[in-house]
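K.L.:
Input: one structure, supplied below.
Values in this text are rule-based calculations from the coordinates and carry no lab data. As the structure is a computational prediction, the values presented were derived from the model and not from experiment. Cβ sites come from the backbone with ideal geometry, for glycine too, and all protein chains shown count toward neighbours.
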Amino acid sequence: MREFIRHPSDIKIEYRIKKNVPDKEEFLHNISEGGLSFRSLKIIEEGTEIDLKIPIHLPPLEVKAMVVWCHKCKDYYDIGVKFLDISTEYRIRMVEQICYIEHYRKEVLEKEGRKLNGREAAFEWIKKFAGKFPE
């Protein structure tokens, strides 16, 4: 049983395994208070510490994490990480909300044809859904 509710996302993230190695860009798969998962074209061994950057707002959220699982899929790997800093939880909560707002913005464009900027989408999303946001 999962300890935290998972939140799907298609937000780009960057990760770095070692210093002086270029960042790799992948897509965030889902996120929770305890960690997140993303897809990678390369295997990353369990126990590997990585630096993550989620550039959804400025400055980007940067966190340290450890790979806790790596599953081979078709032509990629699903990588699960846990956050190493407990104080990351509040910042991750904000990223979760930003992910939901971004999805809302895209959904409104697809379904209603309305182009919302980030501020407009946030205002509408907060008014409609913030009270239902999982705690």
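K.L.:
Can you put E45, E14 in order of Cβ neighbours within 10 angstrom, beginning with the fewest?
P.N.:
Fewest-to-most ranking of E45, E14: E45, E14.
K.L.:
Beyond a 32 Å Cα-Cα separation, which of these cross-linked pairs lie in this structure: K18/K72; K42/K106; K12/K111; K74/K127?
P.N.:
K74/K127
K.L.:
At a 10 Å Cβ-Cβ cut-off, how would you order I101, I50, I126, fewest neighbours first?
P.N.:
Arranged by neighbour count, lowest to highest, I101, I50, I126 become I126, I50, I101.
K.L.:
Moving on to the next point. Around M66, under 9 Å between beta carbons, what's the net of Lys plus Arg minus Asp minus Glu among the other residues?
P.N.:
Once all neighbours under 9 Å are counted, the net charge is 0.
K.L.:
Can you work out the FRET efficiency for the pair Y76 and D51, with r the C-beta to C-beta distance and R0 = 25 Å, to the nearest 0.05?
P.N.:
0.75
K.L.:
Near E120, within a Cβ-to-Cβ distance under 10 Å, what is the net charge of the other residues, with Lys and Arg +1 and Asp and Glu -1?
P.N.:
Residues near E120 contribute +3 overall.
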